[in-house]
Structure formats: C-alpha cells, structure tokens
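Working notes, beginning with the structure itself.
The values are calculated or read from the model by the stated rules, or taken from the named source; none is laboratory data. Remember, it's a predicted structure, so these values are computed and weren't measured experimentally. Ideal geometry is used to build each Cβ from the backbone, glycine not excepted, and the neighbour counts take in all protein chains shown. Ligands, DNA and RNA are stripped out before the accessible areas are found, and what is left, the full protein with its side chains, is counted by its heavy atoms. Shrake-Rupley method; radii C 1.70, N 1.55, O 1.52, S 1.80 Å.
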Amino acid sequence: MSANLKYLSLGILVFQTTSLVLTMRYSRTLKEDGPRYLSSTAVVIAELLKIIACILLVYKDSKCSLRTLNRVLHDEILNKPMETLKLAIPSGIYTLQNNLLYVALSNLDAATYQVTYQLKILTTALFSVSMLSKKLGLYQWLSLVILMAGVTFVQWPSDSQIDSKELSAGSQFVGLMAVLIACFSSGFAGVYFEKILKETKQSVWIRNIQLGSFGSIFGLMGVYIYDGELVSKNGFFQGYNKLTWIVVVLQALGGLVIAAVIKYADNILKGFATSLSIILSTLISYFWLQDFVPTR
Ligand code: C5P
C-alpha cells in the first residue's frame, strides 16, 4: 500500500510540476488588457485552497462526521500550540525562500537562475544525511552528482539567451547570493518538514493545515508590504482570469502533492521527480508547443 502511494505521489508530482510550468509560461505569454494579477495574492489564495483541501481530507478521514472533524481540529491544532508552532519554522523559511527567489529573478536571467537553483538537489541530500541520519551509498552520491550535472546542462543558457540581457556584475552577485541561500533554505525546510512528518504521529494533512495557516499569515504580510497600495486601489483579485485560477489551483495541488511525496517517499526522490518533469516539459515544448529546439 505504502509503496503504491510512494510511486503514485511521485507520478502526480511529475504531472503537477510539468503542467504548472507550462501553464505559467502560457499565462505569461498571453496578452490581456487591464492590470496583471499580483503574485503575492496568488500565493495567499493557493495557501487558503490548500487548507480547504486538507480540511476536506481530514473530514474524509473522520468518516465524514462534522463532530469528529471539529474535535480533531481542536485537539490536534488549537490544543497543541507547541506542536503547531513547530510548523512556523518551515513556513517562515519557505516564505523567505519565495522572496529570495524573487530577488534572484530580478537580478539574474531566468536560465542562470534555474541552473544555479539546481544546487538544492545536493543541499537536500546533505540535510537528509545530517538531520535524518540517512545513509547514502557511493552509487547514490554518484547518481545525485550526475543528476545535478544533467539538470544543469538541460537548463544551461544558450547563446541567444545570454546576449539578450546585460546584467551588471554587482547585481549578478546579489542574485547569485539569493539563489545560494534559497538552495540551503529549500533543503533545510524540506528535510525539517520530513523530520516532523516522520517523527511525530500527526497526519500529513493536519501538518499541512498548520503549515498553510502560518503560510497564509506570512503571505498576507507580504501582500501588505509589497502590494498594499495596489490592492487598496484595484482590489485583491485584480487581473484574475480563468488561467490565473488554474495556476493557483495547480500551485495548491503542488503543496498537497509535495507533502504526500515527503511523507511516502522523501525529499531526495522529490528532486528526481521534479527533474523528470524537466524532461517531460522539454518533450512537450518540442513536439507539441513547438517553441523549443534542443541544442546538442
Ligand atoms: O524549491 P522547493 O522544492 O524547495 O519548493 C517547495 C515549495 O513547496 C515551496 O514553495 C513550499 O511553499 C511548497 N510546499 C508546500 N507544502 C509542503 C511543502 C512544501 O506548499 N508541505
């Protein structure tokens, strides 16, 4: 059963990552009148959708009894503030990480950013070994290095991408620092969440409600700080269209699937699954969308 869930969750992660990348790319190239949606509000909506989905899953686990659901939520979340508070750490780190990636993308071109961000595959392995006492054999370390090299080559900027944008050395440095810190935060937050999931009894959905609650609070703070003025002028849902909702739902689904992958598989396999999705989106880009020609 659990082996099935492991491969099912990894398979869905490949599908989810691929569709999210392609939909986001499509939504960016789409020309529409009026203001663009604010990504800070999309993050909050995705967190809220995730919480609703997790409450429904806990409801299902409570044999569809509202009374049991109410009791579980009270007992496991409100009455265990110290357990709930543990999730503030990965949640705060993920929020910081999302902001760092924003800094990175403002200072680096997208390709360089993606290449350097793959270092998270190795930081994740290092944190898994040090925090979860996972043992990796020689072949597993070799696979990780080969995977990282492969992913880096796949995303290596082509000549046309390099000369499209001149970025100053100072800004490159800021961007690189932001990605490097994000690699460590990604590895640490993922492994910390895995440790909490595997070393305590609470269900993955309860843990995700706790993570999402802090995520929503931090996310709302982000909306206020970055886009407060725009929101008060044009509203929270400015620029939302059908595609925005698809992106938001896919993002929320991503949070659920990542949680399931971390529970039934682990963070290292998550790295392999997302890499598989790079191959899949490359194939779809080439054969179906015809907007990408692979180089040698
Ligand atoms: O780049 P990385 O793999 O670290 O990104 C993980 C993403 O998954 C983060 O944006 C984080 O907010 C999200 N996540 C989630 N729910 C979890 C674990 C991670 O939404 N339980």
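Details
- Some residue of the stretch 271-285 being part of a helix (DSSP H, G or I), surrounded by 18 or more Cβ atoms within 10 Å (Cβ to Cβ), near the ligand (Cβ under 10 Å from one of its atoms) and under 22 Å from the mean Cα position of the chain (by Cα): yes
- Filter pass, residue 22 being surrounded by 14 or more Cβ atoms within 10 Å (Cβ to Cβ) and part of a helix (DSSP H, G or I): yes
- Verdict on residue 266 being among the charged types (D, E, K, R) and under 21 Å from residue 188 (Cα atoms): yes
- Single residue of the stretch 110-135 satisfying the filter (more than 20 Å from residue 97 (Cβ to Cβ) and free of Cβ contacts under 8 Å to residues at least 24 places away in the same chain) that is nearest to the chain's Cα centre (by Cα): 129
- Helices (runs of 4 or more DSSP H) fully within the stretch 164-269 counting 1 or more residues that are free of Cβ contacts under 8 Å to residues at least 24 places away in the same chain and open to solvent by less than 60 Å² (accessible area, probe 1.4 Å): 169-199, 204-234
- Within the stretch 228-251, one or more residues are near the ligand (Cβ under 10 Å from one of its atoms) and at pLDDT below 95.
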